[in-house]
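Step one of this worksheet: look at the structure below.
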Amino acid sequence: MKKIGSRSVMILILTLAFFAGLVYHTVNLTLHTKEWVASPMNRHLPEHDQLEYAGKIIDRNGVILAQSINEKRYYNEDEETRMACLHIVGDNSVNIATAIQTVYRSSLTSFEFNGDFLFGLGLPTMMDNKNEIDIIGNDVTLTIDSRIQKAALKALGSYKGAVFIYNYKTGEIICMVSTPTYDPQNVPYDIETNDKYDGAYLNRALSASYPPGSTFKIVTAAAAVSEIPDISKSAFDCRGTDTIGGKPVTCFQHTPHGHIDLTEALAKSCNIFFAKLSVALGKDKMTSYAEQMGFNHDITFDGIVTADSVYKVDDASENELAWSGVGQYTVLETPVNMAMISAAVANGGTPVMPYFIQSMGPITKNTTTLGTPMMEKSVADQLRDMMEYTASTYNLNDTFRVCGKTGTAEISDNGDVAHAWFTGFLLSEDCPYAFSIILEQAENGSSEAVEAMNQILASASTGAGAEPALP
């Protein structure tokens, strides 16, 4: 008897595998005909730009922000609402990389095949018949409040900048506004050439990193409370200027703060106090705590990857390390991560992950998800008290108990150009919001950021109010 050669065995195995695969895919195709035919990858589907049949985009109060009528995309009837929500909703293009209508463009529309299995699959030209294709728009419900979006846009005024507010208990993003903006219903003809719209496609809340200035002192304070015994009882005499690493470190306008402890140093934003802390902690510990609090990596949520927050001091001199502890040197921060740090303080050390898509189609998309712990609960509790005391020194509306920290981030050599920051959270059961705001090149420092956020929080306190939806 002839032995079967190894080559014949291999051919037999491949043949059996081929037929087994054919049987599997035939059965699978038969059982899931509609899913295969209606896949967005199917080239025989009716041609479309993926928005003319797209579903509605709706805010948390039922306000329609975008919808398709008679195969044309329309946005909310109020121009301010359209402009305030642009960077979340998007326009008809895909220029705004983090917008829903860019990230979820194909998901906003689905196709359902209702034709005959044999002819529909065997003769693809039959599928060009629209009577065999049901085009379904998938509605998206957002967590944002368009009313607060408008208040934030107004508060930013003529500045480039961003506002980010989210619920530190649930993760729902309540407000995310970036400027400059434009009207998606009437895109400016000169948007590519007019300096007024420079950076208008960028969602600065997610995709821009800035020097954080004194808001970074929250990170340095967290590291000091964790690593230096009895730091809360230590005191220091600030004369307004000092020499660290052979070069000067100065407080704002060289103002001496006198005899201060950690709480007073945060409230008075003493650069020298925090510069000395960062040097005492050293590069490794400062880097470790910064990374615990979101630096040197991005944040991912709702299919979006944010820009990195950056803390790199490997090559820093002692003086540069000192300045890094007050949010200068080469330190960079995103508004979303800044708000998450404040949320971690409010939450006993662990932030919840933000999201702005509540549901897409019939499926609830998001639930509350804890992020990576940023600090121990005892540290967070101490920082919460310090930030509440700090915020009490600002001119804030007393509707809420606010915990916060401002920052003036110098971006010029002589310090005459600076960004204005304000971050913090509300101690409120009704509005448990963490927030950050940045005004680029603010004329009057961090006080402008405080006043802008004051206006926004005032709108939040009045409760949700639905606006007229599109007809």
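The values are calculated or read from the model by the stated rules, or taken from the named source; none is laboratory data. Because the structure is predicted, anything quoted here is derived from the model rather than measured. Don't worry about glycine lacking a Cβ; one is built from the backbone with ideal geometry, like all the others, and counts go over all protein chains shown. Heavy atoms of the whole protein, side chains included, go into the accessibility calculation; ligands, DNA and RNA do not. Shrake-Rupley method; radii C 1.70, N 1.55, O 1.52, S 1.80 Å.
What number of residues in the stretch 318-365 are aromatic (Phe, Trp, Tyr) and touching a strand residue (DSSP E or B) at 6+ places or on another chain (Cβ under 6 Å)?
Residues of the stretch 318-365 that are aromatic (Phe, Trp, Tyr), as a first pass: 323, 329, 355-356.
Those left that are additionally touching a strand residue (DSSP E or B) at 6+ places or on another chain (Cβ under 6 Å): 355-356.
Count: 2.
Determine whether ALA322 is in a helix (DSSP H, G or I), crowded, with 23+ Cβ neighbours inside 10 Å, within 21 Å of the chain's Cα centre (by Cα) and of a type outside the set (Val, Ile, Thr).
no
Whether any residue in the stretch 456-469 is among the charged types (D, E, K, R) and either open to solvent by less than 70 Å² (accessible area, probe 1.4 Å) or modelled with pLDDT of 90 or more (or both) is what I want to check.
Narrowing the stretch 456-469 to residues among the charged types (D, E, K, R): 467.
Now narrow it down to the ones that are either open to solvent by less than 70 Å² (accessible area, probe 1.4 Å) or modelled with pLDDT of 90 or more (or both): 467.
Yes, there is a match, as at least one residue in the stretch 456-469 is among the charged types (D, E, K, R) and either open to solvent by less than 70 Å² (accessible area, probe 1.4 Å) or modelled with pLDDT of 90 or more (or both).
Out of the residues in the stretch 232-255 that are farther than 15 Å from VAL326 by Cβ and without any contact (Cβ under 8 Å) to a residue 40 or more places away in the chain, which is most open to solvent (accessible area, probe 1.4 Å)? Walk me through it before giving the result.
So the first thing to find is which residues in the stretch 232-255 are farther than 15 Å from VAL326 by Cβ, and the list is 232-235, 237, 239, 243, 246.
If we keep only those that are without any contact (Cβ under 8 Å) to a residue 40 or more places away in the chain as well, we get 233-235, 237, 239, 243.
Working: LYS233: 165, SER234: 46, ALA235: 57, ASP237: 86, ARG239: 188, THR243: 91 Å².
Step by step, filter the stretch 232-255, then rank; the result is ARG239.
What pairs come out if I take residues in the stretch 166-186 that are within 27 Å of THR350 (Cβ to Cβ) and at pLDDT below 95 and pair them with residues that are open to solvent by 20 Å² or more (accessible area, probe 1.4 Å) and hydrophobic (A, V, I, L, M, F, W, C) whose C-beta lies under 7 Å away, six or more apart or interchain?
none
Condition test on LYS285, is it in contact (Cβ under 8 Å) with a residue 40 or more places away in the chain, open to solvent by 50 Å² or more (accessible area, probe 1.4 Å) and at negative phi?
Numbers: in contact (Cβ under 8 Å) with a residue 40 or more places away in the chain: yes; open to solvent by 50 Å² or more (accessible area, probe 1.4 Å): yes; at negative phi: yes.
It is true that LYS285 is in contact (Cβ under 8 Å) with a residue 40 or more places away in the chain, open to solvent by 50 Å² or more (accessible area, probe 1.4 Å) and at negative phi.
Find the residue count for the stretch 302-315, including only residues that are without any contact (Cβ under 8 Å) to a residue 60 or more places away in the chain and open to solvent by 10 Å² or more (accessible area, probe 1.4 Å).
4
For the stretch 368-379, indicate whether the set of residues that are open to solvent by less than 70 Å² (accessible area, probe 1.4 Å), outside any loop (DSSP other than H, G, I, E, B), at pLDDT 95 or above and aliphatic (A, V, I, L, M) is non-empty.
yes
Is it fair to say TYR389 is at pLDDT 90 or above and assigned to a loop (DSSP other than H, G, I, E, B)? Explain how you work it out, then say what you get.
Details: at pLDDT 90 or above: yes; assigned to a loop (DSSP other than H, G, I, E, B): no.
Against the criterion (at pLDDT 90 or above and assigned to a loop (DSSP other than H, G, I, E, B)), TYR389 does not qualify.
When ASN397 is evaluated against the numbered criteria (1) open to solvent by less than 40 Å² (accessible area, probe 1.4 Å); (2) part of a loop (DSSP other than H, G, I, E, B); (3) more than 22 Å from CYS251 (Cβ to Cβ); (4) in contact with a helix residue (DSSP H, G or I) (Cβ under 7 Å, 6 or more places away or on another chain), which criterion, by number, is the only one it fails?
(1)
Given the options LEU202, LEU153, name the one that is open to solvent by 10 Å² or more (accessible area, probe 1.4 Å), aliphatic (A, V, I, L, M) and under 13 Å from the mean Cα position of the chain (by Cα).
On the way: LEU153 fails: under 13 Å from the mean Cα position of the chain (by Cα).
Of LEU202, LEU153, the one residue that is open to solvent by 10 Å² or more (accessible area, probe 1.4 Å), aliphatic (A, V, I, L, M) and under 13 Å from the mean Cα position of the chain (by Cα) is LEU202.
Conditions (1) outside any loop (DSSP other than H, G, I, E, B); (2) closer than 23 Å to ASP261 by Cβ, marked per residue:
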site	(1), (2)
ASP381	yes, yes
THR393	no, yes
CYS403	yes, yes
THR406	yes, yes
GLY424	yes, yes
ASP430	no, no
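Just wondering, is there one or more residues in the stretch 91-101 that are assigned to a loop (DSSP other than H, G, I, E, B), in contact with a Phe, Trp or Tyr (Cβ under 6 Å, 6 or more places away or on another chain), at pLDDT 90 or above and within 28 Å of PHE301 (Cα to Cα)?
yes
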